[in-house]
Amino acid sequence: MADGFDDARAFWDARYATDEYVFGREPNRFLVSQRAMFTPGAAVLDVATGEGRNALWLAQLGCRVTGIDVSPLGLAKARRMAAEAGVNVEFEQVDVRNWHWPEERFDAIVTIFIQFAAPDDRSRVFDGMKRALRPGGVIVMQGYTPRQLEYRTGGPPQAEHMYTEALLREAFSDMEILHLREYEDVLAEGSKHVGRSALIDMVARKRG
Ligand SMILES: C[S@@+](CC[C@H](N)C(=O)[O-])C[C@H]1O[C@@H](n2cnc3c(N)ncnc32)[C@H](O)[C@@H]1O
């Protein structure tokens, strides 16, 4: 478990083995800014849902949410928070690097800080997300740019795991990119995403 990518489950279980919600209980700010993308009743997949803060918010909007993650401990905390809020979210433990992505099942896919994926895994995960989206469905994504390595306020230390506008434009060239922006902002998400951060946001729609 040297770097957390060979044994993702053990790495993330260790990180989540605390009562604290390490990325906070509030939804990600960029996700909230995209509220109009999520209509009540829509089927939404939250990729790498972690402790479930974003999945919970989506379910509270009335979406039918599936949250997937490799960490059973993270998912246990996510289930607890959803139960406390009295909302229903389908949680499933999967390794997204090997998951059999369903075909055209979701109206929206949310992917907030999945910088664990190295380039090869990342392209498979991106292909899986595209496969799982219905035509007209959207991907809502936030990640870090390589500049984040200077800030060290969240995310892994590998530049090749980060995104740039050019990388995302190329990776999603078969989709309609509705929004793509690199910028810097101060994050305050629990204890693990805190301080000035080099961010990139994308919203893209599957053609069809
Ligand atoms: C930085 S956290 C983000 C969690 C959540 N999206 C959020 O914004 O609060 C990254 C998440 O990726 C999950 N993860 C890491 N490797 C994974 C894999 N191979 N398959 C599925 N999930 C994975 C971790 O368990 C962790 O919950």
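The values are calculated or read from the model by the stated rules, or taken from the named source; none is laboratory data. Predicted model, so just to flag it, every value in this text is computed and none were measured. Note that each Cβ is placed from the backbone with ideal geometry, even for glycine, and that neighbours are counted across all protein chains shown.
Quick notes on this one:
- Among the helices (runs of 4 or more DSSP H) confined to the stretch 1-62, the ones with at least 2 residues that are closer than 19 Å to Glu92 by Cα are located at 8-16, 53-60.
- Close pairs from the stretch 38-66: first touching a residue at least 12 places away in the same chain (Cβ under 8 Å), partner among the polar types (S, T, N, Q) and away from the ligand (no atom under 16 Å from the Cβ), Cβ under 9 Å, at least 6 apart: Ala59/Asn88; Leu61/Thr39; Gly62/Thr39; Cys63/Thr39; Arg64/Asn88; Val65/Asn88
- Against the test of being more than 21 Å from Ala204 (Cα to Cα) and in contact with a strand residue (DSSP E or B) (Cβ under 6 Å, 6 or more places away or on another chain), the options Glu84, Glu90, Glu150 yield a single qualifying residue, Glu90.
- Qualifying residue in the stretch 127-146 (condition: within 12 Å of the ligand (Cβ to nearest atom), at pLDDT 95 or above, under 14 Å from the mean Cα position of the chain (by Cα) and over 19 Å from Pro27 (Cβ atoms)): yes
- Hits in the stretch 6-32 (condition: exposed (fewer than 14 other Cβ atoms within 10 Å of the Cβ) and either closer than 21 Å to Glu104 by Cα or polar (S, T, N, Q) (or both)): Thr18
- Residues considered: Ala204, Ala198. Of these, the only one that is in contact with a Pro (Cβ under 8 Å, 6 or more places away or on another chain), crowded, with 19+ Cβ neighbours inside 10 Å and within 21 Å of Asn54 (Cα to Cα) is Ala198.
- Flag if Ile114 is within 9 Å of the ligand (Cβ to nearest atom) and either closer than 28 Å to Gly190 by Cα or touching a His at 6+ places or on another chain (Cβ under 9 Å) (or both): yes
- Boolean, Ala48 is exposed (fewer than 14 other Cβ atoms within 10 Å of the Cβ), hydrophobic (A, V, I, L, M, F, W, C) and either at pLDDT 95 or above or under 22 Å from Gly137 (Cα atoms) (or both): no
- Among the residues of the stretch 33-56, those that are touching a helix residue (DSSP H, G or I) at 6+ places or on another chain (Cβ under 7 Å) and either small (Gly, Ala, Ser) or more than 10 Å from the ligand (Cβ to nearest atom) (or both) comprise Phe38, Val44, Leu45, Gly50, Gly52, Ala55, Leu56.
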